[in-house]
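Chemist: Structure provided below as structure tokens; questions to follow.
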Amino acid sequence: GIGKDSLTLAKMGYRVDAVDKERAALEALTQEINNLPITTHEIKIQDFLIIPTHYQIIIANNSLPFILDKQIVLNTIEKMVGGLVTDGKLCFSLFGPKDEWALGENPKISFFDYEEILGFLKTLPLKIYYQTTEEGLGKTMNKKLKYKQIHRFLGLKN
């Protein structure tokens, strides 16, 4: 999106690394920064250098599904967990196979069964505090209506 999470966290006093592969999204965020401690990075999330044990919070909402290779998604989640300090929080979402886009021919999106991702998360030093699957009609970021299946997770690094 346009950096709502980044702006909110920066206003709370966090130093923020805002990562997006889309220049337009970063330009929109830059217009809102106004001396807030936000550094923008135009790069794919999977290619961003995550400093080990550096971050208090990492948020990846509606970004990981746009990595086609599921193993790269899992590797990126693992890197994000590694980037957290002890008791750091990770919030992320993935699309499920019932999502309308899974039925189409969109080669740029990955989809995960709920059990598949839960099994993977059990291998990481991450305690899941909140997990849900949301299903139903909803609007995309482009305001188009579609059937969504989104898995959301909030975890705390052990």
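Residue-by-condition table, conditions (1) open to solvent by 50 Å² or more (accessible area, probe 1.4 Å); (2) under 24 Å from Ala25 (Cβ atoms):
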{"position": "Asn61", "(1), (2)": "yes, yes"}
{"position": "Lys79", "(1), (2)": "yes, yes"}
{"position": "Ser93", "(1), (2)": "no, yes"}
{"position": "Leu103", "(1), (2)": "yes, no"}
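Chemist: Hey, another quick one. Is it true that Glu32 is open to solvent by 70 Å² or more (accessible area, probe 1.4 Å), touching a Leu at 6+ places or on another chain (Cβ under 8 Å) and either of a type in the set (Phe, Trp, Tyr) or under 24 Å from Ile109 (Cβ atoms) (or both)? I'd like the intermediate steps shown before the answer.
Modeler: Working: open to solvent by 70 Å² or more (accessible area, probe 1.4 Å): yes; touching a Leu at 6+ places or on another chain (Cβ under 8 Å): yes; either of a type in the set (Phe, Trp, Tyr) or under 24 Å from Ile109 (Cβ atoms) (or both): no.
Here the answer is no, as Glu32 does not meet what is asked.
Chemist: Kindly provide the set of residues from segment 139-158 that are loosely packed, with under 12 Cβ neighbours inside 10 Å, in a strand (DSSP E or B) and not basic (Lys, Arg), ordered by number.
Modeler: Leu145
Chemist: Inside segment 57-98, can you point out the residues that are hydrophobic (A, V, I, L, M, F, W, C), farther than 15 Å from Leu124 by Cα, assigned to a strand (DSSP E or B) and in contact (Cβ under 8 Å) with a residue 40 or more places away in the chain?
Modeler: Ile57, Ile59, Leu94, Phe95, listed by residue number.
Chemist: So if I check each of Ile38, Ile59, Ile51, which one is touching an Asp or Glu at 6+ places or on another chain (Cβ under 6 Å) and modelled with pLDDT of 95 or more?
Modeler: On the way: Ile38 fails: touching an Asp or Glu at 6+ places or on another chain (Cβ under 6 Å); Ile51 fails: touching an Asp or Glu at 6+ places or on another chain (Cβ under 6 Å).
Of Ile38, Ile59, Ile51, the one residue that is touching an Asp or Glu at 6+ places or on another chain (Cβ under 6 Å) and modelled with pLDDT of 95 or more is Ile59.
Chemist: Of (1) open to solvent by less than 80 Å² (accessible area, probe 1.4 Å); (2) over 17 Å from Leu9 (Cβ atoms); (3) without any contact (Cβ under 8 Å) to a residue 40 or more places away in the chain; (4) touching a Gly at 6+ places or on another chain (Cβ under 9 Å), Phe112 satisfies all except one. Which?
Modeler: Condition not satisfied by Phe112: (3).
The values are calculated or read from the model by the stated rules, or taken from the named source; none is laboratory data. Values in this document were obtained by computation on a predicted structure and should not be read as measured data. All Cβ positions, glycine included, derive from the backbone under ideal geometry; neighbour counts span all protein chains shown. Calculation scope for accessible area: heavy atoms of the full protein, side chains included, ligands and nucleic acids excluded. Shrake-Rupley method; radii C 1.70, N 1.55, O 1.52, S 1.80 Å.
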